[in-house]
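These notes concern the structure reproduced below.
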Amino acid sequence: MGIPYRFSLILLLFCSWQVSANIRFTAYDIEDGLSQNTINTIIQDKYGFMWFGSQDGLNRFDGFEFETFLRNKNDKNTLSNEYVNQLFIDLQGTLWIATRGGGLNRFNYETETFDHFVYDKAGNNDNYYDIKQIIQANPNELWLATHSAGIQVFNLHKQTFSTLPLKHTNSLFLSQRNITCLTLDTNNNLWLGSAVDGLFKYTVATQTIEIFSHNEQDSNSLSDNQITTIYQDKSNDIWVATLNGLNRYQAKSNDFQRYMHNEKDKNSLSHNVIRDIKEDPQQVLWLATSAGLNKLNKNRDSFYHYQNSPTVKDSLSGNVVYSLYPASDGIMWIGFFARGINKFYLTPRLFQHIYKDDNSPNSLQSNEIWGVFEDSKGEIWLATDGGGLNHYDKKSQKVKTYLHDKLNKNTISSNRVWAIAEEEPGVLWVATYDAGLNLIDTRTNKVEHFMHQSDNDNSLIDNQIVALYKDKEQNLWIGTKNGLDKFNIASQKFTHFSNNINDKSSLSFNFILSIFEDSRGLLWVSTYGGGLNSYDKKTQKFTRYQHDPDNDNSIINNVVMSASEDNEGNIWIATVNGLNKLDFSEQKFTLFNKQDGLANETIYSVLEGNDNALWFSSNRGISRLDPKDNAITNFSLADGLQSYEFNSGAFLKSSSGEIYFGGINGLNIFNPRYFNQQQQDLALTITKVRLFNQTITIKNIADRNQPQNHEFQLNKAIYLLDELTLSHKESLISFEFSTLDFSEANNINFEYKLDNWDKNWIKTSHKSRLATYTNIPPGSYTLMLRAKHQNQQWGSKVTRLPITVKPAPWLSWWAYSLYILTITVLTSLFFYHRYQAFLFIKENEERLTLSLWGSNSELWDWHISQNYIFRLNSITNNKNGKQQFNLENLKETTHPDDINEVISAFSHHRSNKSADLDITYRRQDTKEQWRWYRSRAKAVSRDEQGNADRIVGTIEDINQLVEAQNQLQDLNVELELRVQARTVELSDTLARLTTTQEQLVESEKMASLVNLVTGVAHELNTPLGVILTATSQLEHKQIQLSEKIAKKTLSSQLLIEHNKQSDACIRLINGNIKKSINLVDNFKALSYSSQNEARKTIALSLLFENIVKDCSIRTKTKAAFITIHCPKQLNIVSYPQMIKEVFNQLVENSCLHAFEDILANQVEIEITITDKTDEIHLLYQDNGEGLSDDLVGNIFDPFSTTKRGSDCIGLGMPIVYNQVMHSLLGTIKLTSPNNGGIEIIIILPKK
C-alpha cells in the first residue's frame, strides 16, 4: 500500500484584512438619457420624481426614463440658463432652480414650464445672477446665496427681491463677497460660506457677523478658506466642507476639529476636496470627495472609502463626487463630475455580498466560489477557483489565504480548490479540481498530498475532485469526475466505486457533483448525467433515481447538481430542469418549474432555512419556496445577490442558521430568519401620453380657455389630470407610466385595464410600460393601472384616470336620428321599388312569353346536376315545363348526321372549353319532320372544378334561313364569275384614273399660278388702267388742241386750260407708273433669296438696336415706342439684313394697320428674345387693334390686307413669311388676343 508523502506546511501567503459588506452601485449616464454627465445637485419632489441638475440642463427621472429640460432662447418658458447650481423644494413642494447667470427659476408642474426671477443688477459683473444655494428661512421667504449680490431675499407672495436686512456695514461687507453656501441652524444663526474669504456666522438676534478663517498656526482654525458646503447633522453639529479638508464646529471652544486625508491612516479621509455632505437615517455622514465616496461612522472617528474599481462592475462609477442626496425610500443618490449618477441602498440588503476588489484589501482572493464549509469551531472556509483556500472569520471579519506555489511543494497542490471537509479541529481536507487531495494541519503547519497513482490501487481514483463528505463513521467520501472514493482514515485505505453497466446496484454515473448523508444513514450521491444515487452502507448497494420519460413519477433530469434533506425527511433534488421533492416514504416525486414560479430551472443547490422554507440557488439568482403554500419568491440583484449565476457545490447552512451561496462573482450570506415578506403596495404615476407615438404637449395657462386647435394638447401635466377627454381624432393613444420606485425596475410587474372596454387585466413589462389603445368607441371609461414586486401579490393601490371619448359628429345623437330617418325613408323606397320591380318582372315575363311566341323561339333552362330541363314556348317535339333530361336524350330527337357535333359542342361548353354555345343542327319538329334549328346558350353557374352546373339558352327555327343560305350560296358562285369579269374592267378604269390624277395635280399647280397671276394682274390692272385713261385723255386733249390750232381758234385761255389738264394727266401717269414699279418690286421680294447675302455671326442685342433706329426713321405714319428684351451675349449665325427687313416690315405693318384710332404716343411694340439651347425664340407684340379671326387665318396669303382699296396691296406679311420660312429656315406663327394687339412668334436656328 502506498503511503502519501508528508511535508511540513509552509504558508505561501497569509493575508488578514477586515471584510466589509459590499455596496452595489447602479449607474446612469448620458447614454441612459441624461443631458450631461456632470451632476451638481440632486433632489426628489413631492410627486416622487428624482431631479438632477447638471452643467448642461435639468433632468427628471421616473425610475425608467430621463426627461430633459434645456434652455431655448426662442421660448421664454424654458430654463433661463442650462447650468444648474442647486435644486430646492420649498414648504409648499415647489421646485426652485438656482442657475449660473440666469437667476432664479421656478418649475410649473401643471404646464411643465419655468418662471424666471432676477434681482436688480448693480455693476457689470457677468456672474451677478449666479445663484449658488437656496434655503427657506420662513414660510414666506427664500434666501439666496449669490456670487456678487450678497444674500438676496425672495418674497414668495410678492415675488420680489430684497437684500437681507443687515446693518449697513454688514450688508456692505457681504455684498462684496462671493457666497457659495448658506445654512440657518437650529439656533437661528446664519452660516455663510465664501469662495475665498472663509466662513461667516451671522447672529440674527444681535445682527453681528463673526468671521472664521484659516490660520496656519492654529490647528483648530478652519482647514481652508474655500468653503464648498455647510451642513448641520441630527446632533446639531455644524460641518464645513472646504477644498482642503472637513471641519466640525465646536461650539464650546468656538473653534473647529479638522478631518484631513492621511496616507498613513486608511481610516482617514480619502481626499481633502469635499463638495457635499449628507446624513442618512442611521446618523452616518456621507461625504462627496475628489477620491470617491466617504462614510463617516456615527462615532465620527473613522472613515470608510468607496472608490471606482475598473475590475468590479458594480463599483463607484467615478472618484470625483459632486453631489449627494439620501431619498425617502432609503436610496442614496450620487452625482459625479463627468461620470453621471450612481445609486445604492442605505438600508442593509437581505443578502450580504463578499467579493474580490483589486483596489481594496478587504476582498477575497477570487470571485469564483465552488465550495463553502464550516468547521467544528464555526469558522467558514471557502474553496475558490484560482484563489486557493480562503478562511473567513465571521467574528473578526478577517481572511486568511492559502495559495499554491509551483516552486514550493510545501503548499496546497493547486489554487483550483473545489471542496473542503474537516478531519479534526484544525485539520482540513482540501480537494482540488486538477491536483488531487490535500490534508492541511493548520495547527502544526503541515500538509499531506494524496494523488492518483496509475500503478497503485490504493490511491485516488482521479485527481479531478468535485465533492468531499465525511460521514457519521468518519469515512471520507470523495467525489471525482471518474468515480467515487471512500477513504478510511484509520486504515488509510481507498475503496473505489464506479459504474458497472451490468450491475444496476452499482453507481449510475462516474461524474460526481455532490455527496451528503441523510437522517436515515443513507448516502446520497448526485451525478452529472446519471441521476441521483442513494447508497446503503449496510447492503453496500446503490439505488438509482433516474429520469424516465414514460413515468411522471421520476426525477425530471439526470443531471443532478445536489440534494439535501428537510426536517420531515423529504429529499430535495436540484437538477438542470427544475426542482424535485422526493417523498421518501411514498417514493413520490413532486416537480417545481417555471410554471410554478421558478425564475430559472437550472437549480444548483437547495437548503432548508431556519424559517422552515426551502432556499435554492440557480442560474437566475436565489429563490425561496414556502412549503405551506408552495409560493416561490425570487430575488434579484437589487436584493444584494453577487450575480444571477451561482455555482454547484457552493452552499452551506451554518450552525448559527446563516446560509451561504457562492457564485461567479463572490459569496452571498444571509439569515432566513430576517426575511420579511411584507406586502408593499406600489402606486403608479402616468408620466406621459402619446398620440400616434408622439408625446402630447401641454397648453400654456393663457391658452386653456381657448378652443382646441388642430393639435391635441393637455390642459396640464398628465399626472395632475383628474380626467381626460378625447375626440374621435385621437384614435391611437398610449399612456406611459412608472411606479417612481427606484429600487429595482426590472423586478416590477405591471398590469393595466381600460374599464368598460377590457375584460381582463393586460400584462406589460418594465421595458415598455405602455398602455396603448386604438379606435376607442365613444363613451366613458376608466384607465386602471397597478404594479407589484415580482415576489408579492397584487395590492390594493390602483391608479385610475377617467377617460371620456366624444363621438364624431357623424356618430352623435342627432346624427343617429338623421340616420334612422334616412334608413326609414330608404327602406320605404326600397320596398316600393321592390314592388315596382316585381310588377316590372311580371310584365317582362309576359313580354318574354309573347316575344318567344312572336319570334317562334323556344327558351330552355338545363339544371345539369339535378338532371332536369325547363322549357318555355316549345317549337320542337319537346314539351313545355319541367322534365328529366341529359345529353343522351338528344339522340332521340337529333338528326343522326348532326348528333356527334351537337354532343361535342355541349360537352365542350360544359367543361369550360368554350365561352358560349352556338350550334346549328337538324331535329324533329312538332310533326316529327326534320328541320334546321339554331341553339344558343351560356353557362350561368359552374362548380369548383369549372364544370357547368346550369346552362340557359334558346332554340330558334332557322329552316327558312338555311334554305335561303343555300340559295345565296348558289348566287355567290354566279356573282364570283361576274366579279372576275368586272375586275378586268376596273383595272382598265384604274389606269385611266391614275392618268387623270396626274393631270389634276398639274391643274392644281396651274390653278395656284393662275391665282397668283390673277392677283398680280388685279393689282397691276388698276395703275395701268389709270395710265391708259390718262393717256387717252391726254391724246384726246392733244387732238382738240391740234384742231383748234388748225382752225386758228386757239385762245390763250384755252391753251392755259389745256396745259393744266395735260399736267394733271402727266402727274397721274407718273404716279401710277411708280405704283406699278413698287408692285413689281414687291412681287420680286416674294421670291427673295438669301443667295446674295453671306451668313454672319450676329450679336442680336446690337442688331436690334440698329433695327430700332431704322424703324424710328422709316415709320412715317406714327412714331412707335419699341422695347427690346435681349440677353447681352446672345449670338446666332444667320443673315442680318434679312432679319432687319423682317422686323422692319413687322414694325411698318403695326404702325400702318394696327393704330388707326390710337394716338401716336400710345403705340407700343415689344420684342422679346429668348435663348432656347439650339434655337432662339423672338416674340413680337404690339398694343394695336388686333385682327379678326378670319384675317388671322390667311394673314400670310398674298394680297391679304386690312386696307383694301388703299395703297396697301397685302404683300408685306407674305414676304415676311417667305423670308422666315425659306431663307432663314425658321417658323412663324401669329395670334391676336381678345384684348387687342397681335403676338408673332418667330423661331430661328442658332446656326
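When residue 484 is tested against (1) part of a strand (DSSP E or B); (2) at pLDDT below 95; (3) hydrophobic (A, V, I, L, M, F, W, C), exactly one condition is not met: (2). In region 460-474, of all residues being farther than 20 Å from residue 564 by Cβ and at pLDDT 95 or above, the one that is surrounded by the fewest Cβ atoms within 10 Å (Cβ to Cβ) corresponds to 464. Under the condition of being within 27 Å of residue 394 (Cα to Cα) and acidic (Asp, Glu), which residue from region 325-361 is surrounded by the most Cβ atoms within 10 Å (Cβ to Cβ)? So, considering only residues that are within 27 Å of residue 394 (Cα to Cα) and acidic (Asp, Glu), the one surrounded by the most Cβ atoms within 10 Å (Cβ to Cβ) is 357. Residues that are hydroxyl-bearing (Ser, Thr, Tyr), within 16 Å of residue 29 (Cβ to Cβ), part of a strand (DSSP E or B) and in contact with a Phe, Trp or Tyr (Cβ under 8 Å, 6 or more places away or on another chain) occur in region 303-322; there is at least one.
Does region 371-410 hold any residues that are closer than 17 Å to residue 443 by Cβ and surrounded by 22 or more Cβ atoms within 10 Å (Cβ to Cβ), and which are they? Passing the criteria: 381, 389, 402. Report yes if residue 31 is without any contact (Cβ under 8 Å) to a residue 12 or more places away in the chain, acidic (Asp, Glu) and surrounded by fewer than 18 Cβ atoms within 10 Å (Cβ to Cβ), otherwise no. For residue 31, the condition - without any contact (Cβ under 8 Å) to a residue 12 or more places away in the chain, acidic (Asp, Glu) and surrounded by fewer than 18 Cβ atoms within 10 Å (Cβ to Cβ) - is met. Checking each residue in region 170-188 for being of a type outside the set (A, V, I, L, M), closer than 16 Å to residue 136 by Cβ and surrounded by 15 or more Cβ atoms within 10 Å (Cβ to Cβ) picks out 181, 183, 185. Would you tally the residues in region 487-514 being without any contact (Cβ under 8 Å) to a residue 60 or more places away in the chain, of a type outside the set (D, E, K, R) and in a loop (DSSP other than H, G, I, E, B)? Result for region 487-514: 14. Applying the condition of being at pLDDT below 80 and buried (at least 16 other Cβ atoms within 10 Å of the Cβ) to region 1086-1118 and asking which residue is nearest to residue 1223 (Cα to Cα) yields 1090. Close Cβ contacts (under 6 Å, 6 or more residues apart or on different chains) running from residues in region 870-882 that are in the same structural domain as residue 895 (by TED's automatic domain parsing) to residues that are among the β-branched types (Val, Ile, Thr) and assigned to a loop (DSSP other than H, G, I, E, B) comprise 877/926. Output the number of residues of region 37-64 satisfying the condition of being in contact with a Gly (Cβ under 6 Å, 6 or more places away or on another chain) and either touching a residue at least 60 places away in the same chain (Cβ under 8 Å) or among the aromatic types (Phe, Trp, Tyr) (or both). Qualifying residue count for the region: 5.
Per the conditions (1) closer than 30 Å to residue 714 by Cβ; (2) out of contact with any helix residue (DSSP H, G or I) (no Cβ under 7 Å at 6 or more places or on another chain), the sole criterion not satisfied by residue 125 is (1). Output the number of residues of region 676-693 satisfying the condition of being of a type outside the set (Ser, Thr, Tyr) and either modelled with pLDDT of 95 or more or crowded, with 16+ Cβ neighbours inside 10 Å (or both). Selection size over region 676-693: 6.
Filtering region 847-901 to residues that are surrounded by 12 or more Cβ atoms within 10 Å (Cβ to Cβ), small (Gly, Ala, Ser) and outside any helix (DSSP H, G or I) leaves 857, 874.
Take the conditions (1) hydroxyl-bearing (Ser, Thr, Tyr); (2) more than 17 Å from residue 560 (Cα to Cα); (3) touching a residue at least 40 places away in the same chain (Cβ under 8 Å); residue 623 misses just one of them, which is (3).
For the residues 562, 526, the requirement of being under 24 Å from residue 645 (Cα atoms), touching a residue at least 60 places away in the same chain (Cβ under 8 Å) and in a strand (DSSP E or B) singles out 562.
Are any of the residues in region 288-310 within 30 Å of residue 659 (Cα to Cα) and of a type in the set (Val, Ile, Thr)? No.
For region 273-287, the criterion of being outside any strand (DSSP E or B) and out of contact with any strand residue (DSSP E or B) (no Cβ under 8 Å at 6 or more places or on another chain) is met by at least one residue. Counting only strands (runs of 3 or more DSSP E) that fall entirely inside region 123-203 and contain at least 3 residues that are within 22 Å of residue 242 (Cβ to Cβ), the qualifying elements are 131-138, 141-146, 179-184, 189-194, 199-203. For region 626-657, residues that are surrounded by fewer than 22 Cβ atoms within 10 Å (Cβ to Cβ), touching a residue at least 24 places away in the same chain (Cβ under 8 Å) and assigned to a loop (DSSP other than H, G, I, E, B) total 9. Only residues that are over 59 Å from the mean Cα position of the chain (by Cα) and not hydroxyl-bearing (Ser, Thr, Tyr) were counted across region 1230-1239, and they come to 4. Considering only residues in region 28-84 that are of a type in the set (S, T, N, Q) and not in a loop (DSSP other than H, G, I, E, B), the one that is farthest from residue 330 (Cα to Cα) turns out to be 68.
Scanning region 731-764 for residues that are loosely packed, with under 14 Cβ neighbours inside 10 Å and in contact with a helix residue (DSSP H, G or I) (Cβ under 9 Å, 6 or more places away or on another chain) yields one hit, 746.
Answer yes or no as to whether residue 334 is within 30 Å of residue 47 (Cα to Cα), in contact with a Phe, Trp or Tyr (Cβ under 7 Å, 6 or more places away or on another chain) and not aromatic (Phe, Trp, Tyr). Spelling it out, it is not the case that residue 334 is within 30 Å of residue 47 (Cα to Cα), in contact with a Phe, Trp or Tyr (Cβ under 7 Å, 6 or more places away or on another chain) and not aromatic (Phe, Trp, Tyr). Of everything listed in (1) of a type outside the set (S, T, N, Q); (2) closer than 30 Å to residue 352 by Cα; (3) touching a Leu at 6+ places or on another chain (Cβ under 9 Å); (4) in a loop (DSSP other than H, G, I, E, B), the single unmet condition for residue 395 is (3).
For (1) in contact (Cβ under 8 Å) with a residue 24 or more places away in the chain; (2) out of contact with any Phe, Trp or Tyr (no Cβ under 8 Å at 6 or more places or on another chain), each residue gets a yes or a no:
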| residue | (1), (2) |
| --- | --- |
| 69 | yes, no |
| 75 | no, yes |
| 82 | yes, yes |
| 89 | yes, no |
| 106 | no, no |
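Just one of the listed residues (73, 132) is in the same structural domain as residue 192 (by TED's automatic domain parsing), basic (Lys, Arg) and modelled with pLDDT under 95, namely 73. Evaluation of residue 723 against the conditions (1) surrounded by 14 or more Cβ atoms within 10 Å (Cβ to Cβ); (2) at pLDDT 90 or above; (3) charged (D, E, K, R) shows that the sole unmet condition is (1).
The values are calculated or read from the model by the stated rules, or taken from the named source; none is laboratory data. What you see is a predicted model, and the numbers here were worked out from it, not measured in a lab. Please note: Cβ atoms are built from the backbone with ideal geometry, for glycine as well, and neighbour counts cover all protein chains shown.
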